[in-house]
Amino acid sequence: MSTETKEEDQSAAPPKLEAVEEVVVRFAGDSGDGMQLTGTQFTSTSALVGNDLATLPEFPAEIRAPQGTLAGVSAFQVRIADYDIHTPGDAPDCLVAMNPAALKKSIGDLKQNGVLIVNTDEFHDRNLKKAGYEENPLEDGSLAAYRVTPAEITTMTHRALEELDLDSKAKNRSRNMFALGMVYYLFNRPLETTIGWLEQKFAKRPKIAEANVKVLKAGWNFCEITDQFQVRYEVEPASLEPGVYRNIMGNSALSIGLVAASRRSGLPLFLGSYPITPASDILHELAAYKTFGVSTFQAEDEIAAVAAAIGAAFGGALAVTSTSGPGLALKSEAINLAIMTELPLVICNVQRGGPSTGLPTMTEQSDLLQAMFGRNGESPLPVIAASSPADCFDTAIEASRVAVKYMVPVILLSDGYIANGSEPWRLPQVEDLPDLRTEFRTDPEGFEPYLRDEQTLARPWAIPGTPGLEHRIGGLEKENITGDVSYDPANHQLMTDLRAEKVARIADEIPPIQVDGPAEGRLLVLGWGSTKGAITGGSQQARREGLEVSFAHLRYLNPFPSDLGDLLDRFEHVLIPEMNMGQLATLLRARYLVDVISMTKVQGKPFFRSEILARIREILGAEDVH
Amino acid sequence: MSTELPVLTKKDFQSDQEVRWCPGCGDYAILSCVQTVFPKLGIPKEKFVVVSGIGCSSRFPYYMETYGFHGIHGRAPAIATGLKASRPDLEVWIATGDGDAMSIGGNHLIHTLRRNMDVKILMFNNRIYGLTKGQYSPTSELGKVTKSTPVGSVDYPFNPLSLALGAGATFVARGVDIMQPHLRDILERAHAHTGSAFIEVYQNCNIFNDKAFEHMVAKQVRSEQTVEVLHGEPLVFGKEKDKGIRLNGTALEVIRFADGFGPDDCLVWDEADPNPALAFMMAQLGPPDFPTPIGVMRNVALPSYDHGLVHQIEEQIKEKGAGTLEELIYSGELWSVDQSGQVVRGRA
Ligand code: SF4
């Protein structure tokens, strides 16, 4: 917010309105304070103003953490900009803290001189103690580095609703709208979107709608009348590509992508799943898509979920199972059954912090090696990763396409960051989506269960109910072509080679790697999955500083694109940032014998652009370039 | 599709694979029984799917000339569930064993039963691990001496029927490998039942646990040591039909007609009783004090899971119309950016 402001001449009435390129706002409060909803509203309003944006929710680690404690803090960060952005921002310019715990958890992130809005009503002894404050931070001078705007949000909410016949609890619940009204004023956003939304949401309870609208306006008016801010900020619309947009979270995009793949392939969608954070929303979302003919099966455990999907694949469905790291571990034996039986299957793994139960609500990319190698025997399968919330849509389609075309299980890697984060999605035309139509084998003439397609090596998909094609498949090694059980040594070698070759051949279809920047030079930053935003942002900034850096991103982790080896050779240094301890780096070193520079972070949080930037500067020996 | 079905015979269900169970294994009799029953069910051959897990019994699909899936250990019910849920038109059978179904796959078994998935589960109970060469199984009796329990096992066995009843199974039966007509009848009735059918088949493993059921089912003792449960009939047994089982208070007891009792004093079996309590009590019976019950213990009508799943989808489509991809993608709060960069709410 402090960079490159274009001041407007508004000397007359305070406060002045300052145009800024971008702003990062974080709403933080107790899990009962409605912070996710507040953040979502700020996001919707900004989308309609025309900003580019990205959001990142932060959920409390425990479902019913005691009120007012650090464990119970729920936060929502949104970054809005007048240009193309890729991440929800490193540090907030503005922090709303609804209680001491929220303040304590987020204050370390707030930028120097950032705007801090606090609900002073909640800063009483009991809450301060719960948050672990010995002294009231509002009084001990510890917040001197910020522009603090104290507001008796609870008191003023009640005052605004004096006339309304509602109990105190219900009134309390609209406090978040007061804070939102204040933030709308600060960033000069229209109230209409939220008012319209409230009226629609509470259409059956008009009094609640009225209360929320009143409090929203009260928040705005409080700031305007009492002159709370010396400066207000405005972010102009970004020049987004023409088109129709909606804001989308990764798990939603993934779910819609799977339905799209089902429609484009003509195969009914079957999801076998067991609830697990942060993948459960895929199950929830697909369960609601009954009118699209989607069948969802909430299984008794992770193993049943994948086994049921394999059964459905045998029956001719577009079969999917969704999970997170610990669930993928449980599924590994069954995934091998899909490899052996050469059935199409999409395994969506929304990664989270590990090992073991780890950090369920926090993000990590540490399942790459599990996806690659976490099974017994020689068991290669395609692994592809989504790089942003909206990209989950395309990745889901691609995973389905490959699974069906090559008759192979595919692991799709997402993670908690993009699963719950959101960004504007430029909606595709349905007719532009890939055509995934596929044909089942129906001709008994010359049929063998493990006949191979010359190009893809896929075996025929012959589903039960087809006369004359009765056959048996299973987990024992199969004789090539006939599919009979075989213990023949040479056949096992052949089948192992064929299963590997089948996956390797997918590389022929992978488009050339898109390099942003020079195609050769001193430094390539190469990423995969959800780090794309931070890498793009950090690299672009480095370039603005005059540093020579290129960056590229991998969607395919297995097989690697066929031009990857050459690309690595064309750069003096290759930097691999990943949210694990260097898993892609390990794969690249093993495969290409290139000593890439590994940059790792496992803190449950995505990379900041600034971290990538700092590392680029360091590698290029340019710490002091500005 | 033509309504006339080709006449199928046992031969149509025999695959070209050499059957590789040990000579004398009870599995042969069960295979023959299934191959005899399937052609009589009036279902086109291509609609049958046999799914199995791991174990001697799980080689079953290879010997059936139907669609077949030899799965992984314990997971046959889960594989079959996904298949049947997405393809209710298929006739799905599961071949499994006591280790496969009650040990490693116990969770899938009970959940498949409670959901009333329309799959038929044939559980070959030989009270031993055969394929891994002779360890005790979850149905082996206490004190069983095997390679893994050289001085006798110290864990109590499952009673498969009780487990199935406890899981809410809607069709529960027990048959015996060497009692072919009886077993055939059970299989036919399992097919006619809507929803899960759980059939425990006493199966002799002559290599690792020979004669495990001999004291109950051998021809010479069978009529005294078993009681055939028949719907609507009094529970009478004995070579001379001179004994019965009655409910005395809250316990079952054996009565002898020589003592002045008659068939009218016996419990009349009601397999359709919605309350499984009596079936559960029956399932407990066995040596040394009681005959072992065989036949259909429970058979109650309840809609199946797969039916419910399909029904919900159909109802939703009827109510809201079939969804289109266009609608799905272009839903939620939309905004449009035009060529000049102007932003408007909705889809311009
Ligand atoms: S080991 Fe026992 S159960 Fe297995 S095939 Fe041989 S006799 Fe039959």
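Are any of the residues in the range B:170-177 within 16 Å of the ligand (Cβ to nearest atom) and either within 14 Å of chain A (Cβ to nearest Cβ) or touching a residue at least 60 places away in the same chain (Cβ under 8 Å) (or both)? Yes: the range B:170-177 contains one or more residues that are within 16 Å of the ligand (Cβ to nearest atom) and either within 14 Å of chain A (Cβ to nearest Cβ) or touching a residue at least 60 places away in the same chain (Cβ under 8 Å) (or both). Being of a type outside the set (A, V, I, L, M), under 22 Å from A:S44 (Cα atoms) and facing chain A (nearest Cβ under 8 Å) is a condition met by no residue of the range B:302-316.
Could you tell me whether the range B:293-308 includes any residue that is in a loop (DSSP other than H, G, I, E, B), without any contact (Cβ under 8 Å) to a residue 12 or more places away in the chain and either farther than 18 Å from A:T296 by Cβ or in contact with a strand residue (DSSP E or B) (Cβ under 9 Å, 6 or more places away or on another chain) (or both)? Checking the range B:293-308: not a single residue is in a loop (DSSP other than H, G, I, E, B), without any contact (Cβ under 8 Å) to a residue 12 or more places away in the chain and either farther than 18 Å from A:T296 by Cβ or in contact with a strand residue (DSSP E or B) (Cβ under 9 Å, 6 or more places away or on another chain) (or both).
One residue alone among B:S148, B:S153, B:S162 is more than 15 Å from the ligand (Cβ to nearest atom), more than 29 Å from B:G42 (Cα to Cα) and surrounded by fewer than 15 Cβ atoms within 10 Å (Cβ to Cβ), and that residue is B:S148.
Evaluate the range B:94-112: report whether one residue or more is farther than 25 Å from A:L330 by Cα, buried (at least 24 other Cβ atoms within 10 Å of the Cβ) and among the aliphatic types (A, V, I, L, M). Within the range B:94-112, none of the residues are farther than 25 Å from A:L330 by Cα, buried (at least 24 other Cβ atoms within 10 Å of the Cβ) and among the aliphatic types (A, V, I, L, M).
Which residues, taken from the range A:320-334, are crowded, with 24+ Cβ neighbours inside 10 Å and within 7 Å of another protein chain (Cβ to nearest Cβ)? A:A334, the sole residue that qualifies. Residue count for the range A:449-491 under the criterion of being more than 13 Å from chain B (Cβ to nearest Cβ) and assigned to a loop (DSSP other than H, G, I, E, B): the result is 12. Evaluation of A:L258 against the conditions (1) under 27 Å from A:Q429 (Cβ atoms); (2) not in a helix (DSSP H, G or I) shows that the sole unmet condition is (2). The residue that is modelled with the lowest pLDDT, among those in the range B:91-130 that are among the aromatic types (F, W, Y) and within 16 Å of the ligand (Cβ to nearest atom), is B:Y129. Determine, yes or no, whether B:R184 is more than 16 Å from the ligand (Cβ to nearest atom), in contact with a Pro (Cβ under 9 Å, 6 or more places away or on another chain) and away from every other protein chain (no Cβ under 14 Å). Answer is no for this residue. Among the residues of the range A:466-491, the ones that are surrounded by fewer than 21 Cβ atoms within 10 Å (Cβ to Cβ) and within 40 Å of the chain's Cα centre (by Cα) come to 2 in all.
Residues of the range A:37-70 that are part of a helix (DSSP H, G or I) and over 20 Å from A:A81 (Cα atoms): A:L37, A:L70.
Evaluating B:R20 against the criteria (1) assigned to a loop (DSSP other than H, G, I, E, B); (2) without any contact (Cβ under 8 Å) to a residue 12 or more places away in the chain leaves one unmet condition, (2).
The set of residues in the range B:19-49 that are more than 20 Å from B:M123 (Cβ to Cβ), within 15 Å of the ligand (Cβ to nearest atom) and more than 14 Å from chain A (Cβ to nearest Cβ) comprises B:P23, B:G24. Residue pairs whose Cβ atoms lie under 7 Å apart, separated by 6 or more positions or on different chains, with the first residue in the range B:215-229 and surrounded by fewer than 18 Cβ atoms within 10 Å (Cβ to Cβ) and the second not charged (D, E, K, R) and not in a loop (DSSP other than H, G, I, E, B), are B:H215/B:Q225; B:V221/B:H215; B:S223/B:F237.
A:L436 meets all of the listed conditions (1) away from every other protein chain (no Cβ under 14 Å); (2) surrounded by 14 or more Cβ atoms within 10 Å (Cβ to Cβ) but one, namely (1). Taking the range A:334-384 as the range and being over 26 Å from the mean Cα position of the chain (by Cα), of a type in the set (G, A, S) and part of a helix (DSSP H, G or I) as the test, the residues that pass are A:A334, A:A338.
With respect to the conditions (1) closer than 18 Å to A:P449 by Cα; (2) within 15 Å of the ligand (Cβ to nearest atom); (3) at pLDDT below 95, B:D16 lacks only one, and its number is (2). Residues that are touching an Asp or Glu at 6+ places or on another chain (Cβ under 9 Å) and in a strand (DSSP E or B) were ranked within the range B:50-90; the one that is farthest from the ligand (Cβ to nearest atom) is B:Y67.
Here is a yes/no grid of residues against (1) modelled with pLDDT of 95 or more; (2) over 27 Å from the mean Cα position of the chain (by Cα); (3) in a helix (DSSP H, G or I):
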position: A:S539; (1), (2), (3): yes, no, yes
position: A:G565; (1), (2), (3): yes, yes, yes
position: A:E572; (1), (2), (3): yes, yes, no
position: A:P577; (1), (2), (3): yes, no, no
position: A:L587; (1), (2), (3): yes, no, yes
position: A:M599; (1), (2), (3): yes, no, no
position: A:K605; (1), (2), (3): no, no, no
position: A:E611; (1), (2), (3): yes, no, yes
position: A:E618; (1), (2), (3): yes, yes, yes
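Apart from one condition, B:A277 fits all of (1) surrounded by 13 or more Cβ atoms within 10 Å (Cβ to Cβ); (2) away from every other protein chain (no Cβ under 14 Å); (3) under 25 Å from B:P160 (Cβ atoms); the exception is (1). Here A:S174 meets the list (1) within 26 Å of A:P100 (Cβ to Cβ); (2) of a type in the set (S, T, N, Q); (3) surrounded by fewer than 16 Cβ atoms within 10 Å (Cβ to Cβ) almost entirely, failing just condition (3). Only one entry of A:R609, A:R617 meets the criterion of being among the charged types (D, E, K, R), buried (at least 16 other Cβ atoms within 10 Å of the Cβ), under 26 Å from A:L359 (Cα atoms) and not assigned by TED's automatic domain parsing to the domain that holds A:I418, and that entry is A:R609. If the condition is being closer than 30 Å to B:R114 by Cα and either assigned to a loop (DSSP other than H, G, I, E, B) or in contact (Cβ under 8 Å) with a residue 40 or more places away in the chain (or both), then the range B:309-348 contributes B:L309, B:V310.
Considering the range A:492-532, the residues that are assigned to a helix (DSSP H, G or I) and touching a Lys or Arg at 6+ places or on another chain (Cβ under 8 Å) include one that is farthest from A:D52 (Cα to Cα), namely A:M495.
Taking the criterion of being assigned to a strand (DSSP E or B) and surrounded by fewer than 21 Cβ atoms within 10 Å (Cβ to Cβ), no residue of the range A:88-116 qualifies.
Would you check if A:S598 is surrounded by 17 or more Cβ atoms within 10 Å (Cβ to Cβ), in contact with a helix residue (DSSP H, G or I) (Cβ under 9 Å, 6 or more places away or on another chain) and among the polar types (S, T, N, Q)? Spelling it out, A:S598 is indeed surrounded by 17 or more Cβ atoms within 10 Å (Cβ to Cβ), in contact with a helix residue (DSSP H, G or I) (Cβ under 9 Å, 6 or more places away or on another chain) and among the polar types (S, T, N, Q).
Is the range B:193-215 home to any residue that is more than 16 Å from the ligand (Cβ to nearest atom), more than 14 Å from every other protein chain (Cβ to nearest Cβ) and assigned to a helix (DSSP H, G or I)? Checked the range B:193-215: at least one residue is more than 16 Å from the ligand (Cβ to nearest atom), more than 14 Å from every other protein chain (Cβ to nearest Cβ) and assigned to a helix (DSSP H, G or I).
The values are calculated or read from the model by the stated rules, or taken from the named source; none is laboratory data. Note that the structure is predicted; figures quoted are calculated from it, not measured. A quick note on method: Cβ atoms are made from the backbone with ideal geometry, for glycine too, and the neighbour counts reach across all protein chains shown.
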